[in-house]
Amino acid sequence: MNHLIAPSLLSADFSHLAQDIEMINRSEADWLHLDIMDGVFVPNISFGFPVLKHVARLCTKPLDVHLMIVQTEKFIPEVKELGAMMMNVHYEACTHLHKVIGAIHEAGMKAGVTLNPSTPVCLLKDVICDVDMVLLMSVNPGFGGQKFIEHTIDKVKELRELIESTGSKALIEIDGGVNLDTGKRLVDAGADVLVAGNTVFKADDREAMIHALKNL
Ligand code: DX5
Ligand code: ZN
């Protein structure tokens with residue numbers, strides 16, 4: 001399958017959100033990636049459901065919601081209410097991960113599990129056949145515009161092996177420091193979906209950058 005591009009709204013111009021979402025709608029972006037932070041699980045706060053309900057109304061692309069919060073399971077109804085296609089929860093924030101994955105599916109969404117840079121891929125062995133996607137963080141979550149952690153390339157290869165050896169259908173998504181160079185190497189290593197914040201929104205021609213990321 002050709003890889004997918006999910007621009008991250010975190011790097012958009014929050015004073016012109018509607019315009020930036022229209023740009024995403026016009027572009028070749030496959031999904032819109034939404035980063036929800038609580039200032040507890042990560043050292044930053046982004047935006048919450050009162051803002052996202054307007055984003056969801058304006059956006060025509062599937063919503064890929066990335067929750068960087070504690071007690072993620074409490075917010076399954078709110079994420080469903082947005083009409084999200086994918087709900088990503090952090091491995092590190094879910095004591096009962098298997099149960100949370102089941103609850104996300106029951107709510108009618110696809111379930112993604114996210115790993116921080118320090119969390120090894122092997123910990124997913126017992127849930128890999130239950131998830132629709134694994135989101136590997138290639139920076140420590142909390143902020144856009146950080147430097148890509150090179151070790152992620154090895155993690156993508158290891159995850160690809162785990163998926164193939166178990167017959168899992170999970171997609172591999174990467175988030176953090178993705179640009180034309182790291183993006184190409186990630187796709188070559190086996191990534192299916194690339195999240196890109198700064199690379200897209202700080203580009204002179206944002207639609208052209210999305211086109212370039214689609215055609216690595
Ligand atoms: C970071 C977020 C990312 C962020 C990526 O915690 O999960 O989605 O927007 O930003 P870039 O692409 O600029 O590294
Ligand atoms: Zn993210």
Checked pairs for the stretch 42-68, first within 12 Å of Ala12 (Cβ to Cβ) and of a type in the set (Phe, Trp, Tyr), second part of a helix (DSSP H, G or I) and at pLDDT 95 or above, C-beta under 9 Å and 6 or more apart or across chains, list as Phe47/Leu9; Phe47/Leu10; Phe47/Phe14; Phe47/Val55
Residues of the stretch 78-95 being exposed (fewer than 15 other Cβ atoms within 10 Å of the Cβ) and either in contact with a Gly (Cβ under 9 Å, 6 or more places away or on another chain) or free of Cβ contacts under 8 Å to residues at least 12 places away in the same chain (or both), in sequence order, are Thr95
Pairing a residue in the stretch 159-176 that is touching a residue at least 60 places away in the same chain (Cβ under 8 Å) with any residue that is among the charged types (D, E, K, R) and crowded, with 23+ Cβ neighbours inside 10 Å, where Cβ atoms lie under 8 Å and the two sit 6 or more apart in sequence or on different chains, gives Glu173/Asp64
Over the stretch 182-195, the set of residues under 16 Å from the mean Cα position of the chain (by Cα) and either within 14 Å of Asp20 (Cα to Cα) or of a type in the set (Asp, Glu) (or both) is Asp192
In the stretch 177-210, residues that are of a type in the set (A, V, I, L, M), touching a residue at least 40 places away in the same chain (Cβ under 8 Å), assigned to a loop (DSSP other than H, G, I, E, B) and away from ligand 1 (no atom under 11 Å from the Cβ) total 1
Exercise. Of the residues that make up the stretch 74-81, is at least one among the basic types (Lys, Arg) and closer than 20 Å to Ser8 by Cβ?
Worked result: no
query = Got at least one residue in the stretch 125-147 being part of a helix (DSSP H, G or I), in contact with a strand residue (DSSP E or B) (Cβ under 7 Å, 6 or more places away or on another chain) and either at pLDDT 95 or above or aliphatic (A, V, I, L, M) (or both)?
reply = no
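The values are calculated or read from the model by the stated rules, or taken from the named source; none is laboratory data. Bear in mind the structure is a predicted one, so any value in this text is a computation, not a measurement. Note: ideal-geometry Cβ built from the backbone for every residue, glycine included; neighbour counts use all protein chains shown.
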